[in-house]
Amino acid sequence: MPMHFLGGLWLTLAVILFIYPRKNVSDFVPRVILVSLLVFIFWEIFQIIVKNEIGGDLFDLKDTLSDICFDLAGGFTAIFYFFKRIKLN
């Protein structure tokens, strides 16, 4: 779980770095969340495929949803950090 939180934090900060607009900030946060969420979901799909093919484990919905929730928690922490520490300075 800490790895998903830290991964979500790192990825969202990277997304912010690449799509941060210099003038129009109105739709910035929804775009950051959407791009990060798409990457989180694709990562979970990849993880499910690898677990099923290599490990022989069955799909676990509770594990997948908790992973995505921790990814999003890290992402929202990154957005909060960005606006509190970087954007205001």
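The values are calculated or read from the model by the stated rules, or taken from the named source; none is laboratory data. Predicted, not measured: the structure shown is a model, and the values here were computed from it. Don't worry about glycine lacking a Cβ; one is built from the backbone with ideal geometry, like all the others, and counts go over all protein chains shown.
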Review point. Quick one: His4 ticks every box in (1) assigned to a helix (DSSP H, G or I); (2) more than 18 Å from Arg85 (Cβ to Cβ); (3) modelled with pLDDT under 90 bar one, so which box is it?
Key: (3)
Point to revise | Qualifying positions in the stretch 31-89 - of a type in the set (A, V, I, L, M, F, W, C) and outside any helix (DSSP H, G or I) | key: Leu58, Phe59, Leu88
Check your understanding: Among the residues of the stretch 42-59, is any within 21 Å of Leu6 (Cα to Cα) and within 10 Å of the chain's Cα centre (by Cα)?
Key -> yes
**Study point:** Unmet requirement for Ile45, which otherwise passes all of (1) in contact with a Lys or Arg (Cβ under 7 Å, 6 or more places away or on another chain); (2) without any contact (Cβ under 8 Å) to a residue 12 or more places away in the chain
**Key:** (1)
Check your understanding: Within the stretch 26-47, can you find the residues that are at pLDDT below 85 and surrounded by 15 or more Cβ atoms within 10 Å (Cβ to Cβ)?
Key -> Phe28
